[in-house]
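One structure is given below, encoded as structure tokens.
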Amino acid sequence: GQSLEQPSEVTAVEGAIVQINCTYQTSGFYGLSWYQQHDGGAPTFLSYNGLDGLEETGRFSSFLSRSDSYGYLLLQELQMKDSASYFCAVRNSSASKIIFGSGTRLSIRP
Amino acid sequence: DAGITQSPRHKVTETGTPVTLRCHQTENHRYMYWYRQDPGHGLRLIHYSYGVKDTDKGEVSDGYSVSRSKTEDFLLTLESATSSQTSVYFCAISDRTNAYEQYFGPGTRLTVT
């Protein structure tokens, strides 16, 4: 089987940096994805890590350590619009599908 | 944004009635997915398709069936709706074999009374 764990809620201050962690257990691993979802909206793709290391896309970065079965999403210079839920997801080893974590709700205070 | 639509966007139905949700894409992507989203559970895969007439089960497929007769359309059917199937349903598409980058439709809010 497989499972993903991420914190259910995180609170941060506008302008600060926040890290959302994700640990996973899978029968096979091909990479870790991150998605953002605002309340009432659809999930949108943020980033993907297929190899160890850091991937940077503007204010967002994502990191993967395959040996530790661990990854994180780093959000810098937080803005109020970053208040949303963030999901990590891993690919199932047997088919073209991914499994999502339960999500982390990020709340940002002024 | 990827061209993906879902219909209906909202539906209220009674227990025991059949319901069909439609997902339509204009991107010609090979892979299509149906998820349900419930508080505390994130997104759970119901069924997915890797080509016309090629479908497979996800983690919560009981009580659901799907069909894909054309590349652009993926239908999700609840044969006999139950209150436990009250949820928000999202369709997603991908052109990547490893499925890591998916584009989601706007969702359908289904209420079974």
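The numbers here are math on the coordinates, done by the rules we state, and not lab data. All of these numbers come straight from a predicted model, not from anything done at the bench. Here Cβ is always computed from backbone atoms with ideal geometry, including for glycine, and neighbour counts include all displayed protein chains.
Exactly which trypsin sites (Lys or Arg not before Pro) in region B:1-68 are in a DSSP loop and have at most 13 other Cβ atoms within 10 Å?
Those satisfying the criteria are B:9, B:53.
With charges set only on the Cβ (+1 for Lys and Arg, -1 for Asp and Glu), what does the dipole of region A:28-77 come to about its Cα centre, in debye to the nearest 20?
The calculation lands at about 100 debye.
Can you give me the distance in nm between label points at residue B:12 and residue B:38, each placed 7 Å from the Cα along the Cα-to-Cβ direction?
It is 2.1 nm.
Select from A:74, A:90, A:54 the residue farthest towards the positive end of the dipole of region A:47-97; place +1 on Cβ of Lys and Arg, -1 on Cβ of Asp and Glu, and compute about the Cα centre.
A:90
About its Cα centre, how strong a charge dipole does chain A have in debye, to the nearest 20, once Lys and Arg get +1 and Asp and Glu get -1 at the Cβ?
260 debye
Setting aside same-chain residues fewer than 8 positions from residue A:97, which aspartates and glutamates have a Cα under 20 Å from its Cα?
Counting by Cα, and skipping residues close in sequence, residue A:97 has these aspartates and glutamates nearby: A:5, B:27, B:38, B:54, B:56, B:59, B:62, B:72, B:73, B:95, B:101.
For chain A, what is the largest minus smallest coordinate of the Cα atoms on each principal axis, given in angstrom and ordered from greatest to least?
The Cα atoms of chain A stretch 44, 29, 20 Å along their principal axes.
In nanometres, what is the gap between the two model label sites at residue A:13 and residue B:5, each 7 Å from Cα along Cα-to-Cβ?
In this crude spin-label approximation the distance works out to 4.7 nm.
At most 16 other Cβ atoms within 10 Å and a DSSP loop assignment: could you name the trypsin sites (Lys or Arg not before Pro) in region A:9-97 that fit?
A:59, A:66
What do you get for Rg/Rh of the protein assembly as shown when both radii come from the Cα atoms and Rh is the Kirkwood radius? Present the calculation step by step, with values, prior to reporting the outcome.
Details: Rg = 17.4 Å, Rh = 17.9 Å.
Ratio value, two decimals: 0.97.
Counting Lys and Arg as +1 and Asp and Glu as -1, each charge on the Cβ, what is the dipole of chain B about the Cα centre in debye, to the nearest 20?
Approximately 140 debye in magnitude.
Can you bin every Cα-Cα distance in region A:1-62 into 10 Å intervals starting at zero and give me the percent of pairs per bin, rounded to whole numbers?
Histogramming region A:1-62 at 10 Å steps yields 16, 48, 32, 4 percent.
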